[in-house]
Amino acid sequence: MQEYLARNKIGNFPPLGCLEAATGSGKSTLAYELVKNRSRFNPQIVVCHKIEHLNQWEQGLLDAGCPEKKIENLNHKRATKDLSVSAQTQQWINRYTGKKNCTAGIAGASGILLITQETFKHLSRLERPQRWDIDLYFDELPTLFQPHNTKVHNFPETVKDYVKLDRLVSHCKSEVPVIKDGKVQYYKNGRVKQKTIDDRVFTVIPNSVRELRDHLENHAQTYHQSERKFLYAVLSRVETVYVKNSQWEMIGKPLKKKYDSEDGETYFLSQLNSGFLSGWNSCTVISADFSLSMFHHRFSSIHKLKFLRNAVYKNSLRYGGNHKPNCLDRLQFIYVISDDEKRRNSKEYLKGHGTNVDNKLMRELRKMGNPNFLLATNNDRREDREITCLDNCTVISAKEHGSNKFQDKNVIVFDAALNNTPKQQSMLAALGYTDDLIYQDMTLNTVYQTVSRSSIRDDKSEAVVTVFLMDRSSAVETAKRFASGYPDQVVRIRHIDENEFACHLLEPSEVDSTSSTSTKDCGSGATTRRHRRKMRNIGSSGRNGYIPVTMPDCTNFLVFNSLYSTAGSVQIRMIADFQQFQQVSSGFTLTSFAGGALRSLHM
């Protein structure tokens with residue numbers, strides 16, 4: 001996959017790339033082939049959200065012709081009493097990398113490891129020389145941030161002894177309790193009195209990494225799970241923990257939890273940092289939502305890292321990586337909240353209108369003949385609802401990314417309110433995320449992924465897919481994603497109380513970068529320090545002369561500016577412009593290599 005991986009000029013970052021295309025366009029099938037081919041030279045690690053997706057990858061690699069003995073699918077179901085998943089993962093990495101590598105110099109002997117994101121976080125202490133040899137892939141975007149509502153007033157001595165504030169990140173406004181004479185003030189009804197102050201956001205680090213690590217090794221079980229996760233996040237090299245100064249100062253001052261469930265808890269937020277991308281041989285993200293995500297905003301806009309998209313691979317997908325041109329002919333949208341209310345869905349709205357919403361939904365479903373339908377809703381609304389008890393209802397998670405098991409369903413009901421708590425929303429705003437970006441990432445991308453689980457992803461089906469959403473704007477923005485940038489697209493849409501669908505002409509989406517087939521320039525700057533060290537090692541070993549290397553059927557070596565690969569035990573650098581090659585149908589032999597320049601290429 002390195003042919004479309006961008007080279008980054010800052011830090012010790014590997015080539016970075018993304019495979020971004022519409023759902024159902026064949027991204028996964030292409031990824032199976034590419035990972036299988038790359039495993040001939042380097043160990044491959046694929047990171048997924050769920051065990052279900054790991055199993056899909058395992059079957060996909062087998063269908064692509066990958067030997068079963070090369071694939072290692074590790075999850076908590078395969079853990080034993082003597083060996084945890086993390087320990088098994090470390091054993092696998094030791095087997096294929098570093099000083100204990102038992103496959104060095106053996107062509108095609110590298111393995112493929114499939115793990116979840118939770119297991120991946122435990123690789124933060126992986127030695128850098130081991131990372132150098134591994135190609136890393138994320139199937140769907142990694143979870144960017146994790147909230148920690150921690151009752152640190154229960155163990156303030158731990159926070160003060162092992163954790164401290166470090167770097168000032170930003171200034172903001174915050175609502176804080178009123179404190180008089182050292183005591184928190186309350187209204188007569190028991191609510192905490194609040195006031196608005198100028199606040200600051202700081203990063204949180206250990207006073208001593210070694211002392212905190214030793215403390216957790218001996219006393220981790222004495223903490224509640226949320227407290228334990230918070231302390232491990234502070235230790236992690238791939239996460240950065242943030243807290244507001246006002247929250248920090250409230251540690252040790254207990255509050256009554258009579259009306260506000262957040263009272264009495266200190267809110268920390270851990271967020272992935274660029275450390276989880278550094279040190280690998282390459283890193284690739286496979287997602288339909290990359291350009292529209294908070295992940296892209298953080299690492300491309302803030303950290304200025306370049307993820308390169310390649311037109312050659314995208315064009316090789318079904319419909320050029322887009323949806324079918326007439327895809328919207330099979331979609332129709334019905335929304336619930338009236339246009340006059342001018343609001344989005346929220347848990348507060350559902351508390352007051354949830355029963356009325358359910359009645360309207362069931363009325364419409366009866367008109368349609370009570371078809372089988374998917375219901376994506378909040379966990380706390382799965383029970384005690386008449387609609388969820390219907391025999392034709394299949395309740396699914398709002399995060400069913402990548403699942404292909406619902407392609408027989410033609411009706412989708414999405415009433416999930418994916419809202420942050422006030423503390424979390426305030427913290428994200430202080431870290432530079434706008435409300436619109438958060439809504440796009442948390443709600444609109446999730447709606448698109450949920451609708452994509454239906455029969456709309458089946459090109460052979462001609463059935464009309466009906467989508468029930470809460471508001472009109474969500475329906476229009478979701479329709480734009482399925483329009484894939486094609487001109488003059490029309491979507492059928494109506495309010496749930498209306499009888500006839502109206503045809504809405506979609507304006508060209510300004511955010512649908514996935515429909516573009518142009519390749520971004522990855523630049524011609526210097527390579528990273530790690531790669532330069534690799535080249536110095538090659539030169540010092542006398543290998544910068546003529547090197548005959550045969551790499552049969554290497555269809556993944558085209559369209560790049562700079563590439564480092566392993567063929568057996570030989571490190572090769574090729575600098576050439578292969579944009580003119582669109583396909584390599586057979587193997588090629590590199591017969592001459594000197595001074596970093598490619599002398600000849602026989603095809």
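The values are calculated or read from the model by the stated rules, or taken from the named source; none is laboratory data. Please read these numbers as outputs of a predicted model, since none were measured by experiment. Counting neighbours? That spans all protein chains shown, and the Cβs are built from the backbone with ideal geometry, glycine included. Ligands, DNA and RNA are excluded from the accessible area calculation, which covers all protein heavy atoms including side chains. Shrake-Rupley method; radii C 1.70, N 1.55, O 1.52, S 1.80 Å.
Before moving on, here are some points about what is shown:
- Residue match in the stretch 68-78 (condition: β-branched (Val, Ile, Thr) and at pLDDT below 90): no
- Scanning the stretch 353-392 for residues that are of a type in the set (A, V, I, L, M, F, W, C) and open to solvent by 20 Å² or more (accessible area, probe 1.4 Å) yields MET368, CYS389, LEU390.
- Considering SER473, SER461, the condition of being surrounded by fewer than 23 Cβ atoms within 10 Å (Cβ to Cβ) and farther than 30 Å from SER174 by Cβ is satisfied by SER461 alone.
- Residue in the stretch 208-215 that is within 25 Å of the chain's Cα centre (by Cα) and either of a type in the set (Asp, Glu) or surrounded by 18 or more Cβ atoms within 10 Å (Cβ to Cβ) (or both) present: no
- Taking the criterion of being modelled with pLDDT under 90 and either of a type outside the set (Val, Ile, Thr) or under 19 Å from the mean Cα position of the chain (by Cα) (or both), the residues of the stretch 419-452 that qualify are ASN419, ASN420, PRO422, LYS423.
- Contact annotation: residue pairs with Cβ atoms under 6 Å, 6 or more positions apart or on different chains, pairing a residue in the stretch 222-237 that is over 24 Å from SER278 (Cβ atoms) and open to solvent by 40 Å² or more (accessible area, probe 1.4 Å) with a partner that is among the aliphatic types (A, V, I, L, M) and part of a helix (DSSP H, G or I), are ARG228/ALA220.
- GLY402 modelled with pLDDT of 90 or more and of a type in the set (Gly, Ala, Ser): no
- Screening ILE302 with (1) more than 30 Å from ARG382 (Cβ to Cβ); (2) of a type outside the set (D, E, K, R); (3) in contact with a helix residue (DSSP H, G or I) (Cβ under 9 Å, 6 or more places away or on another chain) gives one miss only, at (3).
- Selection of first residues in the stretch 458-475 that are more than 9 Å from ILE334 (Cα to Cα) and charged (D, E, K, R) and of second residues that are modelled with pLDDT under 95 and not in a strand (DSSP E or B), restricted to Cβ pairs under 6 Å at least 6 apart or on distinct chains, gives the following pairs, ordered by first then second residue: ASP458/GLN407.
- Residue match in the stretch 353-362 (condition: touching a residue at least 40 places away in the same chain (Cβ under 8 Å) and either β-branched (Val, Ile, Thr) or not in a helix (DSSP H, G or I) (or both)): yes
- Of the residues making up the stretch 417-443, those that are in a loop (DSSP other than H, G, I, E, B), within 14 Å of LYS347 (Cα to Cα) and not β-branched (Val, Ile, Thr) number 4.
- The stretch 331-344, residues that are out of contact with any strand residue (DSSP E or B) (no Cβ under 6 Å at 6 or more places or on another chain), touching a residue at least 24 places away in the same chain (Cβ under 8 Å) and either part of a strand (DSSP E or B) or open to solvent by 20 Å² or more (accessible area, probe 1.4 Å) (or both): SER338, ASP339, ARG343, ARG344
- Residue tally, condition touching a residue at least 24 places away in the same chain (Cβ under 8 Å) and farther than 29 Å from LEU168 by Cα, over the stretch 180-203: 4
- Residue list for the stretch 441-458, filter: open to solvent by 30 Å² or more (accessible area, probe 1.4 Å) and closer than 15 Å to SER473 by Cα: ASP441, MET442
- From the options THR240, THR196, THR222, residue that is at pLDDT below 85 and out of contact with any Phe, Trp or Tyr (no Cβ under 6 Å at 6 or more places or on another chain): THR222
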